[in-house]
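Report on one structure; see the data block that follows.
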Amino acid sequence: MMTKQFKQIKVLPDYLQPKILSAVAYVHEVAPNIYKAVERINKLQKHLSPKEMMWVMSLLTFDKLLDIVKDSPEFDSYSKTMKERTVN
């Protein structure tokens with residue numbers, strides 16, 4: 001999987017480079033099988049730096065993080081403030 005050379009896209013941040021997105025897709029492909037996902041994560045650790053693995057794991061958990069934020073009182077307060085600012 002990771003033997004391929006990826007072209008860096010200079011206008012994208014490091015955590016959105018094709019190498020990182022490919023690794024995310026590689027792990028996500030076996031979801032929801034956590035055992036296969038862990039196998040793939042362990043395999044990726046041999047090919048990616050710790051910082052790159054942090055980006056991969058962050059992107060894999062991003063959807064869950066958004067759910068947590070969406071259900072927070074802070075987000076609710078922010079949403080209400082934004083609605084009040086909107087002209088109807």
Next on the checklist: Can you confirm whether MET82 is in contact with a His (Cβ under 8 Å, 6 or more places away or on another chain), at pLDDT below 90 and of a type in the set (A, V, I, L, M, F, W, C)?
Outcome noted: no
Next on the checklist: Which count do you get for residues in segment 44-78 that are farther than 22 Å from GLN8 by Cα and either of a type outside the set (Val, Ile, Thr) or more than 13 Å from the chain's Cα centre (by Cα) (or both)?
Outcome noted: 17
Next on the checklist: Whether any residue in segment 47-70 is more than 23 Å from LEU21 (Cβ to Cβ), without any contact (Cβ under 8 Å) to a residue 40 or more places away in the chain, part of a loop (DSSP other than H, G, I, E, B) and of a type in the set (D, E, K, R) is what I want to check.
Outcome noted: no
Checklist entry - Of ASN42, ASN88, which residue is surrounded by fewer than 13 Cβ atoms within 10 Å (Cβ to Cβ) and either modelled with pLDDT of 95 or more or under 13 Å from TYR26 (Cα atoms) (or both)? => result ASN42
Item to check | Criterion (among the hydroxyl-bearing types (Ser, Thr, Tyr), surrounded by fewer than 13 Cβ atoms within 10 Å (Cβ to Cβ) and under 22 Å from LYS64 (Cα atoms)) met by exactly one of TYR15, TYR35 | outcome: TYR35
Checklist entry - Based on what the data block shows, is VAL69 in contact with a helix residue (DSSP H, G or I) (Cβ under 9 Å, 6 or more places away or on another chain), modelled with pLDDT of 95 or more and aliphatic (A, V, I, L, M)? => result no
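The values are calculated or read from the model by the stated rules, or taken from the named source; none is laboratory data. Note that the coordinates shown come from a computational prediction; the quantities given were computed from them, not determined experimentally. Counting neighbours? That spans all protein chains shown, and the Cβs are built from the backbone with ideal geometry, glycine included.
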